[in-house]
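The values are calculated or read from the model by the stated rules, or taken from the named source; none is laboratory data. What you see is a predicted model; the values in this text were computed from it and never measured. Cβ placement follows ideal geometry from the backbone for every residue including glycine, while neighbour counts extend to all protein chains displayed.
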Amino acid sequence: MSWRDYRARIAIALWAAVFVLLAPAAYHLYSYVPAQAEEIACYPEFNPEYYDEESYEAQYLVVEQEFRENLASSEDSSAQLMSIRVENNGRVGADEIDVLAELAQRAPESGLVVSQLLAACLQDPGRSECSSDSVNTLVQSHSNNSAIWGSLAMLRNEQEDIFGAISALRQAAVAPEFDDYFSLQVAVIDQANPTAEPLAKMGTAFRFFSYSDPTVGTSSAGPSIWNLCSQQASVDPLAAEGCLLYGERIAEGSDTNIGKILGLAVQQGVYQAIGDEDGVARMEAALEARQEYQNQFRSPAMSLMSYDEELADFWINSLIEHGEVETMERLHNEVQRLTANPEYQPCDPPGLRFDYPYFYIGDERVIW
């Protein structure tokens with residue numbers, strides 16, 4: 001990979017981090033309204049630690065190879081799964097079903113592996129590895145996890161087993177736990193990420209968005225199940241009840257923003273199908289409240305982390321320990337604490353600011 005290509009991938013990864021984890025921050029940082037004078041905003045493309053064309057390309061190749069070797073040599077099943085994803089550039093589909101099924105048989109205790117197998121089976125639901133005989137025992141090994149049952153429901157729907165899909169949703173509704181494996185994937189990549197890399201925690205973020213599947217545990221609330229619930233709720237009261245309960249379960253249990261939104265959307269679809277206008281209005285209000293909650297935490301966190309390794313470390317560790325939703329507030333509060341200190345200035349060059357459409361240092365326009 002050329003340096004120019006890598007720099008483009010880093011930029012994409014940083015933007016992905018902004019939009020997936022802190023979308024309101026993206027609006028705040030790059031809106032056409034000039035930033036307040038006291039606000040600190042760094043611009044990662046100018047960080048000499050990360051963008052030294054003369055030295056970084058060769059180092060990147062060494063670090064990337066070490067990262068891949070760390071995953072491939074691990075005995076941990078989650079790391080082995082991530083190694084499969086990395087070797088396929090983050091895409092896992094029908095061609096990997098046999099490898100995933102073999103890994104799931106060796107490590108049935110790994111819910112992440114089972115979830116990935118169920119997701120891959122959606123690409124070819126008729127495969128023998130995706131049959132009831134093959135996956136039921138695996139799912140039962142994780143019967144406490146609502147997300148696993150939701151993934152099974154989506155597979156059953158693709159196999160045109162409507163009764164099986166609704167039954168799985170009803171199991172998902174009463175399962176006592178909800179683990180969508182978001183934090184686990186961050187942890188696996190962070191552990192394999194070479195610490196010698198400059199700004200290593202941003203390397204973790206880059207690889208997470210390049211290779212992982214942040215929605216593997218919540219995609220069961222996507223279009224497939226939304227369509228199933230919308231169609232069946234109007235003709236089957238048990239289906240309506242199961243879908244509503246599962247929507248509540250994912251909205252309450254998921255620690256990702258997309259999971260909570262999808263859970264609310266499933267409920268909204270059911271209420272629309274059964275003609276419950278009050279229920280539809282409640283879900284619209286809940287979705288609006290979710291957006292307002294996210295909007296509270298606008299901050300220049302992502303740009304600061306491209307320079308401040310300690311802040312990036314705080315972010316990654318919080319994602320692992322607390323999940324995405326709680327981390328938004330924690331990261332916002334940490335940035336507020338740091339930037340309240342007038343001595344805090346991680347950017348290089350210092351004082352670089354963006355006043356659309358130009359960059360300035362002080363009152364002097366920067367010409368590159």
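Listed by first and then second residue, the pairs linking a residue in region 58-80 that is under 11 Å from ALA192 (Cα atoms) to a residue that is in a helix (DSSP H, G or I) and acidic (Asp, Glu), with Cβ atoms under 8 Å apart and 6 or more places separating them unless they lie on different chains, are ARG68/GLU87.
In region 123-167, what count of residues is obtained for those that are part of a loop (DSSP other than H, G, I, E, B), touching a Gly at 6+ places or on another chain (Cβ under 6 Å) and closer than 17 Å to GLY111 by Cβ?
1
Does ILE258 fit the bill of being crowded, with 22+ Cβ neighbours inside 10 Å and of a type in the set (Val, Ile, Thr)? For ILE258, the condition - crowded, with 22+ Cβ neighbours inside 10 Å and of a type in the set (Val, Ile, Thr) - is not met. Among the conditions (1) assigned to a helix (DSSP H, G or I); (2) surrounded by fewer than 24 Cβ atoms within 10 Å (Cβ to Cβ), VAL235 misses just one, which is (1). Here PRO194 meets the list (1) crowded, with 22+ Cβ neighbours inside 10 Å; (2) touching a Phe, Trp or Tyr at 6+ places or on another chain (Cβ under 7 Å) almost entirely, failing just condition (1).
For region 106-143, the tally of residues that are closer than 24 Å to ALA79 by Cβ and polar (S, T, N, Q) stands at 7.
Quick check: is even one residue across region 98-106 on the phi > 0 side of the Ramachandran plot and either surrounded by fewer than 19 Cβ atoms within 10 Å (Cβ to Cβ) or in contact (Cβ under 8 Å) with a residue 12 or more places away in the chain (or both)? For region 98-106, residues on the phi > 0 side of the Ramachandran plot and either surrounded by fewer than 19 Cβ atoms within 10 Å (Cβ to Cβ) or in contact (Cβ under 8 Å) with a residue 12 or more places away in the chain (or both): absent. Anything in region 170-216 that is aliphatic (A, V, I, L, M) and without any contact (Cβ under 8 Å) to a residue 60 or more places away in the chain? List them, or say none. Residues satisfying the conditions do not exist here. SER183: more than 22 Å from PRO214 (Cα to Cα) and either modelled with pLDDT under 90 or in a helix (DSSP H, G or I) (or both), yes or no? For SER183, the condition - more than 22 Å from PRO214 (Cα to Cα) and either modelled with pLDDT under 90 or in a helix (DSSP H, G or I) (or both) - is not met.
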